[in-house]
Structures are given as structure tokens and as C-alpha cells.
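Everything on this sheet refers to the single structure shown next.
The values are calculated or read from the model by the stated rules, or taken from the named source; none is laboratory data. The structure displayed is predicted, hence computed values, not measured ones. Please note: Cβ atoms are built from the backbone with ideal geometry, for glycine as well, and neighbour counts cover all protein chains shown. Surface accessibility is based on the protein's heavy atoms, side chains included, excluding ligands, DNA and RNA. Shrake-Rupley method; radii C 1.70, N 1.55, O 1.52, S 1.80 Å.
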Amino acid sequence: MHLYNLTLQEPTVAQQAIVGNFSGARQQEIIISHGSQLELLRPDPQTGKVTTVVQSNAFGTIRSLAAFRLTGGTKDYAIVGSDSGRIVILDYEPKAGVFVKLHQETYGKSGARRIVPGQYLATDPKGRAAMVGAMEKSKLVYILNRDAAANLTISSPLDAHKNSAIIHHMVGVDVGFENPMFAALEVDYAEADQDHTGEAFRNTEKLLTFYELDLGLNHVVRKWSEPTDPRANLLLQVPGGQLASSDRYDGPSGVLVCCENHIIYRHMDAPQHRIPIPRRNGPLEDPHRGVIITAAVMHKMKGAFFFLVQTEDGDLFKVTIDHEDETVVSVRIKYFDTVPVASSLCILKSGFLFVASEFGNHYLYQFQKLGDDDDEPEFISTNYPGNGMANPAGQLPQAFFRPRSLDNLALSDEIMSLDPIIDAKVMSKLPNSDTPQIFAACGRGGRSSLRTLQHGLEVEESVSSDLPGIPNAVWTIKKSESEEHDSYIILSFVNVTLVLSIGETIEEVQDTGFLSSAPTIAVQQVGTDALLQVHPGGIRHVLKDGKVTEWKSPAGMTIVSATTNKRQVVVALSSAELVYFELDLEGQLNEYQDRKAMGSTVLALSVAEVPEGRQRTPFLAVGCEDQTVRIISLDPDTTLETISLQALTSPPSSICIADMLDASINKTQSTMFVNIGLQNGVLLRTVLDPTNGQLTDTRTRFLGTRPIKLMRVMVQKNPAILALSSRSWLNYTHHNLMHFTPLIFDALDYAWGFSAALSPEGLIGITGSTLRIFQIPKLGQKLKSTSLPLSYTPRKMITHPTNEFFYIIEGDHRVVGDAEVQRRVQELRKLGKPVDEEVVNLPPDLFGRPRGPAGSWGSCIRVVDPVEGKTLSVLHLDKDECAFSIAVVPFSARNNELHLVVGTAVGATVNPKSCPAAFLNTYRFVNDGASVELMHKTELDDIPLALLAFQGRLVAGVGKALRIYDIGKKKLLRKCENKNFGSSIVTLETQGSRILVGDMQESMVFVAYKPPENRLLIFADDTQPRWISAAAMVDYNTVACGDRFGNVFVNRLDARVSEQVDEDPTGAGVLHEKPLFMGAPHKTKLLCHFHVGDIVTSLTKVAMVAGGREILLYTGLHGSIGILVPFVSKEDVDFLTTLEQHMRGETDLSLVGRDQLSWRGYYVPVKSVVDGDLCEMFATLPTQKQGAIASELDRTVGEVLKKLESMRATTSGF
Amino acid sequence: MSSELRYTANTQQENLFARYTGTGHADITKHEWLVHQQRDTLASIAGHAPLLSFLAIADGEAIGRAKFEVTEKMLQPCGPPPLKDED
């Protein structure tokens, strides 16, 4: 088996975000690290919306990011710390729209290791040096400078290692133009490691250490090291330094040390200031719970600065420092607002706050005010004895604030993020859809959602109005070339034409000079200010003054087809003749003296737009009934001579020639594409060679069941093609590459571009007798998502065999469940204690739920109708009971009546893994499955993490045991058990009497159930221990799995062993076989192995396109979606493997300098999987390299691209 | 004197052990080996963001908190070292 891996949706997590002027323009941009991808976003200060500028694959793990700017420079660079063992400096090249690696310096081994730097990055605020650190010991300092030609230079590394020191955080200290300094939070474990009494461990101090880079001596020294709070976790840079021009200090310099419950100001030999981190004063808050700062940002304005720090609950606080020159007077903190918990916060100079959420969607907020004049309580260090440091080991009195909805910030934009996808189902549920949708259970806590993902572009409809009849076609035209927007809408009916004028309102007009008593075939604005209408009886040329010149079709003949552009008109007569007209310089339409007989009825015609500065386009494409397309010359020397011919498989229904940019074919100029739509719903796209008129590089795509109609439209000022069949598709250029994406909209009968003041970039279409005006808001988007909110983190979801509903189990650890909140509030009320209703009723999706200690859980079972997109019922579980597994079981003992079984645990803790009580809850379906009703609970000894219906009974993975249960009156009855599993059973799959058990740490185990002996027999397992996270049975002997470390692999059992086990009626043979390598008697064989870089949370075997082959679709925790396509021919395997090999030779493809082969073989060498993401980078290579690789493969560049596209399109439809 | 140092009597090897923290040797004790394993694992969890997210989701904590606790645990992941018998 050979697989081809393709990412359909890149990870959407934001691990880190940095802000800077990366393109060197005045505007600030944001770079987000998506784990293995880097994305540049540009927020528009006017509209407050964020657009993606570029996204690049790193083929490695990005662990840290920092922006820096050389002194006096105007452009920011990004430094990337990764698992490549290299420091990389990236420059965004705005002209080419790519990240360029300026420097790539190797310092260590690859991989995210303990002592190899890359985890932490700190830069000097003046851009003179950068420090890159590891989790332990290693710190390297690079000096950054510019050479005589103003190029950025980087020095060899200087080390600032400290043995046996665990590093918590590091940051650059702002010292102005004195020697650069870095601060690090370190813990030394050397003594604790030696002391068996544990005394040294208890006395271990956390040290705040300042490292100074002496630029004169080219040496790093440990300048100062002092113990600080033992629960410190984060450092923040405080502005400092003196401007050369004035005596004023920017700030006091030093750092803020964020600790559990406190923030301390520290600087070398300066007095400390300590303030408490205020906590929520909700009635259910635990006052003893520690609070830490998890994200923070410092912002400098003219002459002032402030910090926004965010706690792990999402509350933002504003921290300010009062100072006199270099002396700190006081440190103040006050509540600012509450936003989702961020992995990074970025403040933009234009007054925006970008919140890169750690889970869920990312947000852009606009500052309304800075919280200066409100009555929020402020906590000041000087109000505490000794500036809060009188007793550094003790706690300050607790400070409280009252959470409230947004006051200082206003939401401006939202970026969709699927992170984390915890479970997903791929199936076709929605009506009128011929491809399956992905239903992903996403999110964390109160911000969880069930997302329906459909491949396609989202469409926003602005107008929908009914028409008196059913029109055949619709066009829009401008009155003259100079008009900004369209002036008329022309609707063609069976025997009339209706002209509407676009103004304040849209109304019918009669005086346009158009013939209204006949249908229309084509309309065009010609020359500078004339209009043209083609109808079956002739051509009307309406001049500016309203004068009409008319060309009548010869007697007995009608016009059947026409194509026009600004200067040329070609019509086809019913006699299969072509008549060609061209506009002369006076604006007269002249007929060419000869007509061209085609010999077969003409079905479709197309000419391209007149190229800028030219008189005409030299090619005409004619599609005839004899299943051919001919390219005919319109050149004055060879007018109407046939140049080339292409045979088709079906008669054409529509042709469209368009000049579009596709950087994979031509980087600089647009390419002329001839799109041919066939009556059988297939679209052919060929490239027209402008020199000889030959058609090359044909690509085919099946669009739908109806004959295709093609239209040229403008989308975001670029030419695009609308292709209408049973689905509507848009072919457009985005980020210089061609995309072909369906529109998620009703099927259209006809469509055209539409531009009006209110909708400058719209489209107009007809479905039946309805006229619709719509826009496509987000180009480049591949998946449209609709979201249904959930209460808690989704754990698993399941479908029902007979109804359409999903059953989702949700649960959150360390929160107080909704029912328990109500109970406690009631209790408080009974005791007569005041309860702040507003705080209690804060929405959990923004503020989270009240936190509880480990072992407290909130959980529910939800029934969802995915078609309507609504929740049908929610069943809350008891206090601290959480659901972990779910199955729909037809119990044969109850006449195959379906039951819902949910595995739960009460008061479970994750670390150490334990639970006081666990249950199997059996529910009955009521109201046709719209809700469930508890029948009984069965007590268990361990957490049931996997359940499955098996031969009319239930098979459950309960801790290390696999058990079969049958239904009883008062509880489920245990029928059979096997306890010989490694650690804990997490997945179950079945076919026939075989059960595939996925163990949390010990990979896949094959189990056979032997009814005569009532025995569960382990007969085969894996040769390697794997931490299974998801599994799917590919066939009876083969299983595809994902593991905890981001790998996917396929295991297969030998067919002989399989037969032997199946033929053994009692299993006695297997039972007495000798164990192999201390495991089962047989081993599965590893067929494929691949590292995707994201933890696979679900695997589904599904056909993504109608009539296409089955593939494996996987979802990743960080929001990635990808497919594994089995190859069907040896030839394809050879071809793509060789291409991949050549692509690996292009060492510059990885942004972080990671070797692709070692990244894809992170834990186990890649086996039999071709990296499609790497292969597709072929399209972005420079032309010479493309040519060189293609010739090595004995193909043309076009053939390589075609193969890559067909791999993608025919298997995923993307 | 730890067994690690005793083994690395010659300076070149001592130097190597100092440089590559976490390297094992023939005389390593069970506790030392475990501590190395745990620290490597914890550092790896902090360095691989998907693993850290996985941990944070399972335990109901913010990622920042999960990272902090993982780093804190590196100090003494397996409890105090056993009493050494002086031979």
C-alpha cells in the first residue's frame, strides 16, 4: 500500500503572534505561527478587518517567534526558533509576496530537545542582539548588525549556558543604547538532585538572572542573579534607556516578574514593587486557587507605556508604572476587560488589540478607551507595606474585581479557527449536497461548538426578488466605458427581453434602443459609449445618441450563438456559418466579407477580452455539435482560418476564453485559458498557446450533472470564471495561484457580474424565476463553516443508524457544572448571603465557568439535528460525573431495540489517573431519538474510554479490560472479559467477530471473539508501542491509526493468520500458541508511516467526491484536516515518489530550515507515503527549476502540474 | 559523589557529560535514569505544542498553566533521590 498525504485545511491554531512592519510600509502586520505554518495577516485600520497576505509551510515545528528592527530601520524582521536546530531570520518580500530566509545558522541537533535552543527567543529592543534558549541550560546570543551595504548580518553565537538550570522564560531588557541585556528565570536543580532528604528541593530558589552582552569584548557575562518568587512564570520587558536628544528616560528599565497571584517589578539593585493579581469576586470562586498570567503585552506610546496582562481565566489587567527618571514610584494594576484566553496578545499602533486565542477563533478588538477614567478599583504597590515586599514569602491581601462585559474594547473582526478538533464525522447529511460534509466537534469549555464544514466559498446574498417569468439569461452592462458601475440589467425570456436600469431603485426602462420583443443572445458595451444586442433576428448596435444600426440575419436563418468583446462580434447562424464583425476606428461595426462554414451546428462560441492596447484578440473558439472545438484565427492576415482542433467526449455546451494569472504556469503574465464546458457536466481547461494557437495542457473536472454554462466575471478586480452546473463553481486567482472552488449556494441557471454603488463586486444570477444578487466575501477560503454552540468541551460524537441526529458527549474538568452552580447559588440564598446575580449569570462562552479543584466536572449529553443546525435536547449528568465514551447499541436480547450507552466516571482526575466511581449509563431513546431517558446505571471499576455495539451486545474498554455486556433489567450484565491489555483501551473497531482494540500506549491489538467458548482472544498485536489517539479499520485485516505524537500509520495482519484464526471454531489453537516477543502470538506488519505534525483525533474512510475512490480523511487537534489517498497504479507511485525526491533537493522550501524527510520521519522513518504538500510546492518553484525537475522526470512542466492537480481534485474535490 | 561523576573520572569524558546533559552511562542508577527520562519527556511536551494542548484540554487548564506546571515539574520529576550507600 502506498499513500499520498494532502493537507486540505492547514492548522488554524495560533501558537504565537507577533506584530511589526514586516513589509516595510507604514502599516503594521501580524505574523501568526500555526505550528507548522507561518501566516502574515494585515489588519485594515479603516475597516477593522483582517486579511491574509501570505501563508507558508515550514515543514517543521515553529516553537518561538520574535520581531526585531535594526536601529534606525523601518522594517521589521522575524526570528524563528524551531525544532530544526537552527536560528532563522525571515524577511517578508512584499513584491514577490514571500518570506525570504536572510540567515539560517545551525547551532544544534534537530528535534524539540531539552538542551537544544529554540524554545525561547528574546531580542534586544534596539535590535542589536537576540538570545535563543532551550528548556534547560543552553542560551545562545547572536549579535545582529548591518554591513556597509545595509544588509543584515548575524554573528557567530556566544554562549551563556548554565548547567543544570531549567529555564522558565527569558526576555530582552530595555537598557537604551548601553550594552544589550537579557533577563532569564532559572531554577538550578543540581542540589535538589543530590539531596535525598528533599530539603534542598524545598529550598530551591527561582533566580532572576541578567545576562549582559559586552559588545566591546564580544562576550556574554552573568551580570546579576537574585532569587525571586518561587512561583514566577513570566517576564515582561519594562521600557528604559535615555534618548540621546533629551535627558528624559523612556522608563525605569528592568522587568516585571509575573508570579502566581502577584506581579513584581525588579531591576538590578533597585527596590522591588509587588502588586497582587486581582481575582474575580464571584460567590463560587475558590479564594485559595492560584492565578497566573499566561499572556501579556507591553505598549509604548508617546512618552508613556502600559502593560496588558491576561490571567488564565481570560481577564485582562492594565498595569502601569509611575516613575521618576529611572526610579519606580509605584506600580498599579486594574481590571481592563475579559477576552478569550490568548496565546499571544498584540497591540497595533492603529488602536487594535489582536487576541490570538489558545483555543477557538481569534479576535481583533478595537480600543474604545484605555480604562483611564473609570471607577474600577486600582491596586497600587505603595499601598502595601514596603511596596508590597515587606514579607516577600507571604501573600499580599487578596484583591478583587467584578468581571463585566466589554467596556474598553469593541469586537472588530473574527478569524475562524477549528482548533481544537476533538472528534469529527464525515458524512453527507445536508440535503442538496453531493459531497460529504465534515462535522467537527471543536473548541474548549464554553466556547465549544459543533462545526459543519462544507467545501466551498461562502456566498452572501444581498437581494433576492421574484420575476414575472422564468428568464433564460441575465447580463449587466455599463452605458459607456467610463462608467464606474453597471447601468442596466438585461433579462432574456423565451420571447421577450426586459431591460432594467440600476439607480436608486431598479426599474424597467424602454428607451434603451434594445429590441424587447425577442429574446437576447448576447449584450455588450462596445467601443467607448455604444451598446450592442444580439438577438436571433440580427444585431442591434445602439449608438450614444440613440441611433440604431441594425444587421439582419439572412432570410430563413437565425442567429444561434454569439460571442462579443469590446471590439469584436462573432455570431453563428442556424446554417452553421460564422459571421465576423469588427469595430473600426470610427466606431462602425463592419462585417468581414466571407462567412465561414463550419459543417456542423455551432453550439458555443467564445473570444477573449481585447488585450490592453490592441485592436483585437486573435483567437476564436468554436464548439460544434460534432464534438469538436476549433480555434479559429481572427488575425487580419488569416481571418477565419482554422488553426487547431480538439476532439471532445461529448458535445460542448459552453466555451469561455479568459486571460488569468496562474503562477504555476507563468509567473509574470496571465495565461490564456480555454474553458470548455460539456453537456455531460465535465469541464475541460486547456491552455491556448498565444504564438501558434495550439491547445495544450488539458485538465478535466466533473462539475455536476447539468450541461455547463461558463461566464467571465470580475472578482476582486481580477478576471474569474463562473461555471454553472448542478453546482456553481468559481475559477479564480488567489495569491497568484489558480483555484477552483464550488459556491455554497443554490444551483444557478445563469449568472453575470454585477457592480453597483452598494455592491461594487457582486454577482447577479437567476434560479428559476428568482433574481439574486450576491457577493463572495472571502476568497481563498476552502471550507465554509457553520457553527452550533456547545456547553462544554466535546469529547465524542456518534450517529444514529436510523435518524439524522448526532449524540454528543461533553465534559470539562476543573469546572463547576451548570446544575451544581444553580444548587450552590440556591444554598447561598438560603443562608441569606448576598449573591451578585450579574456575576453569576455571566455568559460562560466569554467568561468560562466557575473553577473547581481537580476531580470536579461539568458534563452533558446533547442531541443535535445537524441539518437544522439546532440542539434538540441536553441531558446534564450528575455532579462531577463526566461522560467519556458513547455507543448506540441494538441489544438482541431486547429485539434489537436501540439503546444509548454512555460510559462515565465520577470525580476522575487526570494526573494521577484515577476515579472513585465509574458507570455505564444505559438510556432509552424517546421522541424518535430527539431525547434520551435513563434506564439504569452499571457500576464499574475503571473509566470506560471506549464503547462499541458488537453482535447485538455491547463491548466496552474499561481501563485495561475488554468486556462484553448484555442488557439486564436493573443493569448491564458482564458476559465475558479479557484483562490482558497494556494500559488503557481508547478505541474499538469491529468487523465480523473481530474486534480491533486501540490501547493508550500499546498500539493496536487484534482480538477474536469465539462464541462457543465465550472467549475474547488476543491473537495479534504491533511490534512497536504506540500511543493510539484514533483508529479506523480500512479492511478486515488492515487498520489505519493516529498516535499521540502526530503520526499516522497503517498496520496489516497477514491474510494467512487471519484465515487460520477465523477457521478455528473455539480459538483453542490461538490460545495455546507461543507468545511472540512477550506479546500476542502474531504481529501485524507496518505498511505506511507518516508524521503529520498534529495529533490525529479522528480517521474516516470515505469517498469525498461523487463516484471517486475512498480515501482516509483525518482531523488534527490543532485544526488541521488532511487526506491519505491510496495510489492505484505503480506508475503513479514511481512518478510522485521521484518528484518528491527532487523536491526534497530544494532545500530552501522549509521556512525554518528543517529537512523535510527528517520532519516527516520524526519518530519512525517515513514509509510508503508521499508528501503531497511538498509535491504541490512544485507550482511555486521558479520556472527554470520546474523545467529541470520536469525534464528529469521525462515530462513537461504542464504534465507534472496536471498530475498534481488531478491527485487533489479527483480524490478530495478541493 | 554521584555515580555519574565517579564514572567520568577522565576529564574528556567528564567534559562530554557536562556538555550533553541527559546522556546515560553504564553505572547510571535507576533514579538518575528516570529523572533524565522524565525531564526529557517534560521538555518534549513543552516543545511540541500539540502535546501541550492535548494535556491542557484533558486537564481543563489553560495552555500557559500547563506549560508552567510542566516546567516546574522538571525540577524534581520523580521525588527526592534515594539514599546512597557509601561503598
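Could you go through segment A:102-111 and let me know if any residue there is open to solvent by less than 20 Å² (accessible area, probe 1.4 Å), over 19 Å from A:Q237 (Cα atoms) and in contact with a Ser or Thr (Cβ under 8 Å, 6 or more places away or on another chain). Steps first, please.
Kept after step one, since they are open to solvent by less than 20 Å² (accessible area, probe 1.4 Å), are these residues of segment A:102-111: A:111.
Subset that is over 19 Å from A:Q237 (Cα atoms): A:111.
Going one step further and asking which of them are in contact with a Ser or Thr (Cβ under 8 Å, 6 or more places away or on another chain), we end up with none.
Scanning segment A:102-111 turns up no residue that is open to solvent by less than 20 Å² (accessible area, probe 1.4 Å), over 19 Å from A:Q237 (Cα atoms) and in contact with a Ser or Thr (Cβ under 8 Å, 6 or more places away or on another chain).
Only one residue in A:V901, A:V874, A:V888, A:V863 is in contact with a Cys (Cβ under 6 Å, 6 or more places away or on another chain), closer than 15 Å to A:G929 by Cα and in contact (Cβ under 8 Å) with a residue 12 or more places away in the chain. Which one?
Working: A:V901 fails: in contact with a Cys (Cβ under 6 Å, 6 or more places away or on another chain); A:V888 fails: in contact with a Cys (Cβ under 6 Å, 6 or more places away or on another chain); A:V863 fails: in contact with a Cys (Cβ under 6 Å, 6 or more places away or on another chain).
From the options A:V901, A:V874, A:V888, A:V863, the qualifying one is A:V874.
I need a count of the residues in segment A:433-471 that are more than 20 Å from A:L418 (Cα to Cα) and either acidic (D, E) or in contact with a Cys (Cβ under 7 Å, 6 or more places away or on another chain) (or both).
Total satisfying the criteria: 4.
Results for (1) within 14 Å of another protein chain (Cβ to nearest Cβ); (2) small (G, A, S); (3) touching a residue at least 24 places away in the same chain (Cβ under 8 Å), shown as yes or no for each residue.
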position	(1), (2), (3)
A:T767	no, no, no
A:I776	no, no, yes
A:K782	no, no, yes
A:L788	no, no, yes
A:T799	no, no, yes
A:I808	no, no, yes
A:A819	no, yes, yes
A:V825	no, no, yes
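Return only the number of the condition from (1) within 14 Å of chain B (Cβ to nearest Cβ); (2) surrounded by fewer than 17 Cβ atoms within 10 Å (Cβ to Cβ); (3) without any contact (Cβ under 8 Å) to a residue 40 or more places away in the chain that A:R231 does not satisfy.
(3)
I'm told A:Y384 meets every condition in (1) open to solvent by less than 50 Å² (accessible area, probe 1.4 Å); (2) on the phi > 0 side of the Ramachandran plot except one. Can you identify the failing condition by its number?
Exception for A:Y384: condition (2).
I need the full set of residues from segment A:591-615 which are over 23 Å from A:S553 (Cα atoms) and open to solvent by less than 60 Å² (accessible area, probe 1.4 Å), in order please. Don't jump to the end; show me each part of the working.
We begin by selecting, within segment A:591-615, every residue over 23 Å from A:S553 (Cα atoms); these are A:608-615.
A:A608, A:V610, A:P611, listed by residue number.
Per-residue answers, yes or no, for (1) more than 25 Å from A:T1115 (Cβ to Cβ); (2) of a type in the set (K, R):
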{"position": "A:E761", "(1), (2)": "yes, no"}
{"position": "A:S769", "(1), (2)": "yes, no"}
{"position": "A:I773", "(1), (2)": "yes, no"}
{"position": "A:K784", "(1), (2)": "no, yes"}
{"position": "A:L790", "(1), (2)": "no, no"}
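Would you pick out the residues in segment A:405-423 that are assigned to a loop (DSSP other than H, G, I, E, B), away from chain B (no Cβ under 14 Å) and not polar (S, T, N, Q)?
Quick first cut of segment A:405-423, residues assigned to a loop (DSSP other than H, G, I, E, B) only: A:405-408, A:416-420.
From what is left, the residues that are away from chain B (no Cβ under 14 Å) are A:405-408, A:416.
Once the filter is applied, which keeps residues that are assigned to a loop (DSSP other than H, G, I, E, B), away from chain B (no Cβ under 14 Å) and not polar (S, T, N, Q), segment A:405-423 yields A:L406, A:D407, A:M416.
Identify all residues within segment A:989-1009 that are open to solvent by 10 Å² or more (accessible area, probe 1.4 Å) and either over 17 Å from A:R963 (Cβ atoms) or within 31 Å of the chain's Cα centre (by Cα) (or both); write none if there are none.
A:E989, A:Q991, A:G992, A:M1000, A:Q1001, A:E1002
Can you give me the number of residues within segment A:542-566 that are in contact (Cβ under 8 Å) with a residue 24 or more places away in the chain and open to solvent by less than 50 Å² (accessible area, probe 1.4 Å)?
So the answer is 10.
Enumerate the pairs (first residue in segment A:339-368 and in a loop (DSSP other than H, G, I, E, B) and open to solvent by less than 30 Å² (accessible area, probe 1.4 Å); second residue anywhere and at pLDDT 95 or above and among the aromatic types (F, W, Y)) with beta-carbon separation below 7 Å, excluding pairs fewer than 6 apart on the same chain, so at least 6 apart or on different chains.
What qualifies is A:V339/A:Y363; A:V339/A:Y365; A:P340/A:Y363; A:G351/A:F367.
Can you find even one residue in segment A:330-337 that is away from chain B (no Cβ under 14 Å) and free of Cβ contacts under 8 Å to residues at least 12 places away in the same chain?
Kept after step one, since they are away from chain B (no Cβ under 14 Å), are these residues of segment A:330-337: A:330-337.
Checking the rest, the ones that are also free of Cβ contacts under 8 Å to residues at least 12 places away in the same chain come to none.
No, segment A:330-337 contains no residue that is away from chain B (no Cβ under 14 Å) and free of Cβ contacts under 8 Å to residues at least 12 places away in the same chain.
May I ask you to list the residues in segment A:1036-1068 that are under 38 Å from the mean Cα position of the chain (by Cα) and either at pLDDT below 95 or within 14 Å of chain B (Cβ to nearest Cβ) (or both)? Working first, answer last.
Initial filter on segment A:1036-1068 (under 38 Å from the mean Cα position of the chain (by Cα)): A:1036-1053.
Matches in segment A:1036-1068: A:G1042, A:D1043, A:R1044, A:F1045, A:G1046, A:N1047, A:V1048.
Of all residues in segment A:616-639, which are of a type outside the set (S, T, Y) and open to solvent by less than 10 Å² (accessible area, probe 1.4 Å)? Reasoning before the result, please.
Taking segment A:616-639 as the starting set, the residues that turn out to be of a type outside the set (S, T, Y) are A:616, A:618-627, A:629-632, A:634-637.
Residues satisfying the conditions are A:L620, A:A621, A:V622, A:G623, A:C624, A:V629, A:I631, A:I632, A:L634.
Let me spell it out: the conditions are (1) crowded, with 16+ Cβ neighbours inside 10 Å; (2) outside the structural domain of A:G446 (by the TED database); (3) more than 13 Å from A:D880 (Cβ to Cβ), and A:K833 meets all of them except one. Which number is the exception?
Among (1) crowded, with 16+ Cβ neighbours inside 10 Å; (2) outside the structural domain of A:G446 (by the TED database); (3) more than 13 Å from A:D880 (Cβ to Cβ), A:K833 violates only (1).
Taking A:G1093 and the conditions (1) within 14 Å of chain B (Cβ to nearest Cβ); (2) assigned to a strand (DSSP E or B), which numbered condition does it fall short on, given that it satisfies the others?
(2)
Take A:E1131 and decide whether it is crowded, with 16+ Cβ neighbours inside 10 Å and assigned by the TED database to the domain that holds A:S1206. Steps first, please.
Details: crowded, with 16+ Cβ neighbours inside 10 Å: no; assigned by the TED database to the domain that holds A:S1206: yes.
No, not satisfied.
Answer yes if at least one residue in segment A:91-108 is more than 16 Å from A:L152 (Cβ to Cβ), within 14 Å of another protein chain (Cβ to nearest Cβ) and among the hydrophobic types (A, V, I, L, M, F, W, C), and no otherwise. Explain how you work it out, then say what you get.
Restricting attention to segment A:91-108, the residues satisfying the condition of being more than 16 Å from A:L152 (Cβ to Cβ) are A:94-98, A:106-108.
Filter again for within 14 Å of another protein chain (Cβ to nearest Cβ), leaving A:107-108.
When the remaining residues are screened for being among the hydrophobic types (A, V, I, L, M, F, W, C), the result is none.
No, every residue in segment A:91-108 fails to be more than 16 Å from A:L152 (Cβ to Cβ), within 14 Å of another protein chain (Cβ to nearest Cβ) and among the hydrophobic types (A, V, I, L, M, F, W, C).
(1) in a strand (DSSP E or B); (2) more than 25 Å from B:S44 (Cβ to Cβ); (3) of a type outside the set (S, T, Y): which one isn't true of A:A1031, the others all being true?
(2)
Would you mind listing the helices (runs of 4 or more DSSP H) fully within segment B:25-77 where at least 2 residues are facing another protein chain (nearest Cβ under 8 Å), free of Cβ contacts under 8 Å to residues at least 12 places away in the same chain and open to solvent by less than 20 Å² (accessible area, probe 1.4 Å)? Let's see the steps before the verdict.
Numbers: elements: B:30-47, B:49-59, B:63-73.
The helices (runs of 4 or more DSSP H) meeting that bar are B:49-59, B:63-73.
Are any residues in segment A:250-261 crowded, with 24+ Cβ neighbours inside 10 Å and not in a loop (DSSP other than H, G, I, E, B), and if so, which ones? If you could, list the steps in order and put the result at the bottom.
Let us first name the residues in segment A:250-261 that are crowded, with 24+ Cβ neighbours inside 10 Å, namely A:253-258.
A:V255, A:L256, A:V257, A:C258 - these are the residues of segment A:250-261 that are crowded, with 24+ Cβ neighbours inside 10 Å and not in a loop (DSSP other than H, G, I, E, B).
Looking only at residues that are within 20 Å of A:T741 (Cβ to Cβ) and either open to solvent by 70 Å² or more (accessible area, probe 1.4 Å) or free of Cβ contacts under 8 Å to residues at least 40 places away in the same chain (or both) in segment A:691-707, which one is farthest from the chain's Cα centre (by Cα)?
Taking segment A:691-707 and keeping what is within 20 Å of A:T741 (Cβ to Cβ), we get A:699-706.
With either open to solvent by 70 Å² or more (accessible area, probe 1.4 Å) or free of Cβ contacts under 8 Å to residues at least 40 places away in the same chain (or both) added as a condition, the list becomes A:700, A:702-703, A:705-706.
On the way: A:T700: 28, A:F702: 26, A:L703: 25, A:T705: 31, A:R706: 32 Å.
Out of the qualifying residues, it is A:R706.
Of the conditions (1) in contact with a Pro (Cβ under 6 Å, 6 or more places away or on another chain); (2) within 30 Å of A:S885 (Cβ to Cβ), A:L491 fails just one. Which one is it?
(2)
Looking at A:V187, A:V173, A:V116, A:V132, can you tell me which residue is in contact with a His (Cβ under 9 Å, 6 or more places away or on another chain), within 14 Å of another protein chain (Cβ to nearest Cβ) and open to solvent by less than 40 Å² (accessible area, probe 1.4 Å)? Let's see the steps before the verdict.
Working: A:V173 fails: within 14 Å of another protein chain (Cβ to nearest Cβ); A:V116 fails: in contact with a His (Cβ under 9 Å, 6 or more places away or on another chain); A:V132 fails: in contact with a His (Cβ under 9 Å, 6 or more places away or on another chain).
So the residue among A:V187, A:V173, A:V116, A:V132 that is in contact with a His (Cβ under 9 Å, 6 or more places away or on another chain), within 14 Å of another protein chain (Cβ to nearest Cβ) and open to solvent by less than 40 Å² (accessible area, probe 1.4 Å) is A:V187.
Select the strands (runs of 3 or more DSSP E) contained entirely in segment A:178-241, then report the ones holding at least 1 residues which are among the acidic types (D, E). It would help to see each step written out before you state the result.
Working: elements: A:181-188, A:206-214, A:219-228, A:232-237.
Passing ranges, in order: A:181-188, A:206-214, A:219-228.
How many of the residues in segment A:497-541 are open to solvent by less than 50 Å² (accessible area, probe 1.4 Å) and not in a loop (DSSP other than H, G, I, E, B)?
The total comes to 21.
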